[in-house]
Amino acid sequence: MEQLINKRRMVWGGVCAVLACLVAIYVLPTLAAPEPDITAVIQSHPPITDANQTAVLAVNQLAHAQIADDTACRLCHSDTEENVVFPSGETVSAQIDLAVLANSAHGDAASDPVACSSCHQPINNYQQPHVPVSADTLREYELTQSANCQTCHVQPHITSHPGPESENPVACTDCHGSHDVLTVEEWQSGAGTEACTDCHVEQDVPIVEASQLTEIIQAGLFTQQVDNSYCLACHSQEGLTYTFPNGDTLNLTIDANALHDSVHGDGNSWQPLACTDCHEDVRFPHEPVTVESEREYNLQQYPLCGRCHETNYDHTLDDVHGAAIAEGELEAAVCTDCHGAHDTPIPNEPRERISYTCEQCHSTIFDEYATSVHGEALLSESNPDVPTCINCHGVHNISDPTTALFRIRSPQLCAECHADVELMEKYEISTDVFDTYVADFHGTTVTLFEHQDPNVETNKAVCYDCHGVHAIKAPDDPEAGIKANLLETCQQCHPDATANFPDSWTSHFKPSLQNNPLVYLVNLFYQIVIPATLGFFGFMVATDIYRRVRLRLRG
Amino acid sequence: MTSTTQEVPHDEKQYPRFRTMARIEHAILMVSFTVLTITGLPQKYALQAWAEWMINVMGGIEFVRVIHRWAAIILVIGSIYHLFTSAYRFFVKRERMRMLPEKKDLQDVIQTIKHNLGFTDEAPKMAKFNFGEKVEYWAVVWGTAIMALTGFVLWNPIAATVLLPGQFIPAAKAAHGGEALLAVLSIVIWHMYNVHIKHFNPSMFTGMLPRHQMEEEHALELERLEAGGDPWPELALPVLHQRQRIFFIVAAVVGILLLAGLVWAFTFEQTAIETIPRVTREVFVPLSTPSP
């Protein structure tokens, strides 16, 4: 940009410099600024962005191009006892402290010094001898001169001070001064607070939105830890958006009430979080956004959660979502996808919120779950006992459900509830289901694999192979229940099975005269025959030993 | 060395007891039964710590099942071999079926008990196979039949349920386990005591039994042999050869049929698919509009 201007100056001189200046002032800031919709009351201080540095530079070059130097001004104004006298009778000293000017944001010490005539234009007014001031009063003069600031500082300024349209506007110079303008760094370090207190404390000027601003003013605008209301001064305004290079639009408006109602807000058991607790390095003016899309921005931001929620954050890095992101599947969930960023509610209140949260990404699986005996109870009556997604899959340590390990361990998962006598009594569900499964061929094999080779696939059925995964119905559901479809269920693994085959499964019943009587009778038979046979053998052996011992004793 | 050391003491004089084929049958039975026990009992008590340890040592449950089934095949082949040798002795040699239970066996049981308890000084005089051996033999016959049938059903549940009600499968499993326990414990108590603990009976390995054991357990047989009786009657060769020709033809035909039946039974069905098919699901299907 600078090179370009220099080249053209060779040819077109100042005219083109003016054009370049206008481009720099009006076009570049709008490209860089993320908040085009902010309506500020007074426009003045520009955000320090690269584009703006260029803008200031351009103005400077313009000034220097026209005026050789300020020597003439300095000659008189550095040492004079003259006053400027306004028609109103007010006077102001014409003396300028050149040392202060030199150290100010616009002075020689700054990287881009501003010439006297840059602000005090048009130059003709300052020809020696100066013509009398046109303003009637000192205040009118200050307001007129403050308008000059906008020549360079076109960016909106975040303030609720009344602007030029007001009867009593606040001028730029009221806070920033004229020849002693503070640098951004000085403001950020807390200098300049007296400018606020001069009006609002010593001169007792009432503050219109006291609730928002009192603390800011008292604490200083640019203290190390800014107050939430400082951020919300802008971010509560409707329609605040940022458009990423890829076209994604991010809503920058923060619902202050939702923020305060969130788990991080007034209800936080620790203390309400300030914006800067998470956005700790964010200052105004903001650093430019470097990422291309909203998703990249979210991925860049969510590790902030880990600063407090370290354990859960670390778990997610290792879980199925973390692994997916590590593999480049950037749509996989991060903290804020499930919990929200600013409106984080209590994640399990009401209980169904959990499964609705998963639905955001896993909608088709949720739809199946919603029709299941578990899902129906959760969604219709907020049942406290049925599993939500996370009871089976885990929360921050969600494991890959497609592994052999997950499958082999899954019966334990079901047993957590279905072998719990107290819990199952409420619903009159048998707790024999797990024991009878483990006692059977399928369950025995799966349990052995679980103990010995948990990462090896087995073709023996686990609970969900028969009962379904997400769409689990009650066994006696007339349409989709397992009892109505037992043969088809068996045939999934035993394709040649015929009508009698399903009865080879004992249906989770312990053998009795009512259920599986043949099995019961066979067991009974051996319960009698084994002791009887062994008793006979044992008796015969015992008598034989008795005889031998007797013979030996007799000699 | 004097001549007395070369003479076998009277008590240790050996009498013929088992022919080679009987000892082969016993060896087959002994090996297959032991393997079936070692691989079978841990399956019956699969979740006991000792059983899990054994299964693990033997290479995991699926491999243990494979060994068990191979041992079962050997046991069944051994059983068929026994059927053939029995048939040979019955049809060709026309031997008496001395293993059949008799009324005398019951009397021997009672007299043995009386004798052991000291009610009588006279021990029963028993024939070639005494009551204890007959019990054991018929227990093996019965047990092997039960185990083979229920084992077939468990091996081929789909084929079995074409004819049988489904409940026969878990019932077969119960019977297979119960019968196994009965057999193993019987062997441990009865067989171990009688041929290893009481005294070592070498006849299944040497074919011969010393006189003092003959006297105690087979007094009648001892008398018969000492009276000059043949241990096994020999036939005139022409008769033998004629019967053998018929027998071997029939045996070959039946044997081939049985072998075919065996292969058929052991490869009868593919009970289940090898691997559970993977279901591919689209996991990431975000809602178009977020729900509350």
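So which residues in region B:158-192 are without any contact (Cβ under 8 Å) to a residue 40 or more places away in the chain, more than 8 Å from chain A (Cβ to nearest Cβ) and β-branched (Val, Ile, Thr), if there are any at all? Passing the criteria: only B:VAL188. Mind checking whether some residue in region B:3-14 is surrounded by 13 or more Cβ atoms within 10 Å (Cβ to Cβ) and in a loop (DSSP other than H, G, I, E, B)? Yes.
Does A:ASP337 count as closer than 27 Å to A:HIS235 by Cβ and in contact with an Asp or Glu (Cβ under 7 Å, 6 or more places away or on another chain)? No, not satisfied. At least 3 residues being open to solvent by less than 40 Å² (accessible area, probe 1.4 Å) is the threshold, and among the helices (runs of 4 or more DSSP H) wholly inside region A:334-397 those reaching it are A:352-359, A:363-371, A:373-381. Of all residues in region A:433-456, those satisfying the criterion of being outside any helix (DSSP H, G or I), within 12 Å of chain B (Cβ to nearest Cβ) and either open to solvent by 40 Å² or more (accessible area, probe 1.4 Å) or touching a strand residue (DSSP E or B) at 6+ places or on another chain (Cβ under 6 Å) (or both) are A:ASP453, A:VAL456. Of the helices (runs of 4 or more DSSP H) contained entirely in region A:457-555, those carrying at least 1 residues that are under 58 Å from the mean Cα position of the chain (by Cα), within 11 Å of another protein chain (Cβ to nearest Cβ) and of a type in the set (D, E, K, R) fall at A:463-467.
For A:TYR302, the requirement of being closer than 23 Å to A:CYS361 by Cβ and either loosely packed, with under 12 Cβ neighbours inside 10 Å or among the aromatic types (Phe, Trp, Tyr) (or both) is met.
Among the residues of region A:331-369, those identified as more than 11 Å from every other protein chain (Cβ to nearest Cβ), of a type in the set (A, V, I, L, M, F, W, C) and more than 23 Å from A:ALA474 (Cβ to Cβ) are A:VAL334, A:CYS335, A:CYS338, A:ALA341, A:ILE346.
Here is a yes/no grid of residues against (1) at positive phi; (2) touching a Phe, Trp or Tyr at 6+ places or on another chain (Cβ under 8 Å); (3) polar (S, T, N, Q); (4) open to solvent by 70 Å² or more (accessible area, probe 1.4 Å):
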{"position": "B:HIS191", "(1), (2), (3), (4)": "no, no, no, no"}
{"position": "B:LEU237", "(1), (2), (3), (4)": "no, no, no, yes"}
{"position": "B:ARG245", "(1), (2), (3), (4)": "no, no, no, yes"}
{"position": "B:PHE248", "(1), (2), (3), (4)": "no, no, no, yes"}
{"position": "B:THR280", "(1), (2), (3), (4)": "no, no, yes, yes"}
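Within region B:47-73, the residues that satisfy the criterion of being small (Gly, Ala, Ser) and within 14 Å of A:ASP453 (Cβ to Cβ) are B:GLY59, B:GLY60.
Report yes if A:THR506 is within 19 Å of A:ASP440 (Cβ to Cβ) and modelled with pLDDT under 90, otherwise no. It is true that A:THR506 is within 19 Å of A:ASP440 (Cβ to Cβ) and modelled with pLDDT under 90. As a summary of the residue check, B:ALA139 satisfies the conditions (1) more than 18 Å from A:VAL541 (Cα to Cα); (2) within 11 Å of another protein chain (Cβ to nearest Cβ); (3) open to solvent by less than 60 Å² (accessible area, probe 1.4 Å); (4) assigned to a helix (DSSP H, G or I) except for the one numbered (1). Can you find a residue in region B:71-84 that is more than 28 Å from B:THR206 (Cα to Cα) and either surrounded by fewer than 16 Cβ atoms within 10 Å (Cβ to Cβ) or within 14 Å of chain A (Cβ to nearest Cβ) (or both)? So far as region B:71-84 goes, no, none of its residues is more than 28 Å from B:THR206 (Cα to Cα) and either surrounded by fewer than 16 Cβ atoms within 10 Å (Cβ to Cβ) or within 14 Å of chain A (Cβ to nearest Cβ) (or both). Among residues of region B:264-275 being over 30 Å from A:GLU329 (Cβ atoms) and out of contact with any helix residue (DSSP H, G or I) (no Cβ under 8 Å at 6 or more places or on another chain), the one that is farthest from the other protein chains (Cβ to nearest Cβ) is B:TRP264. Of the set (1) of a type in the set (Asp, Glu); (2) within 27 Å of A:ALA419 (Cα to Cα); (3) exposed (fewer than 15 other Cβ atoms within 10 Å of the Cβ), all apply to A:ASP503 but (3). Taking (1) in contact with a Ser or Thr (Cβ under 7 Å, 6 or more places away or on another chain); (2) at pLDDT 90 or above; (3) hydrophobic (A, V, I, L, M, F, W, C) in turn, B:LEU185 satisfies each apart from (1).
The single condition among (1) of a type in the set (Val, Ile, Thr); (2) out of contact with any Phe, Trp or Tyr (no Cβ under 7 Å at 6 or more places or on another chain); (3) away from chain A (no Cβ under 11 Å) that B:THR112 does not satisfy is (3).
Which members of region A:319-330 meet the condition of being open to solvent by less than 70 Å² (accessible area, probe 1.4 Å), within 11 Å of chain B (Cβ to nearest Cβ) and of a type outside the set (Gly, Ala, Ser)? Within region A:319-330, A:VAL320, A:HIS321 meet the criteria.
Quick check on A:VAL100: is it surrounded by 13 or more Cβ atoms within 10 Å (Cβ to Cβ), at pLDDT 75 or above and touching a strand residue (DSSP E or B) at 6+ places or on another chain (Cβ under 6 Å)? No; evaluated as a whole, the condition is false for this residue.
Of all positions in region A:425-432, none carries a residue that is open to solvent by 50 Å² or more (accessible area, probe 1.4 Å), more than 30 Å from A:VAL334 (Cα to Cα) and either within 14 Å of chain B (Cβ to nearest Cβ) or under 36 Å from the mean Cα position of the chain (by Cα) (or both). Does B:ARG278 meet the test of being among the basic types (Lys, Arg) and at the interface with chain A (Cβ under 8 Å from one of its Cβ atoms)? Here the answer is yes, as B:ARG278 does meet what is asked. I'm trying to understand the selection: among the residues of region A:457-468, which are free of Cβ contacts under 8 Å to residues at least 24 places away in the same chain and open to solvent by less than 30 Å² (accessible area, probe 1.4 Å)? Within region A:457-468, A:LYS460 is the sole residue that qualifies.
The values are calculated or read from the model by the stated rules, or taken from the named source; none is laboratory data. Worth saying up front: this structure is predicted, and the values here are computed from it rather than measured. Virtual Cβ from ideal backbone geometry, glycine too; neighbours counted across all protein chains shown. The protein model used for the area step is the full one, side chains on, heavy atoms only, and it has no ligands, DNA or RNA in it. Shrake-Rupley method; radii C 1.70, N 1.55, O 1.52, S 1.80 Å.
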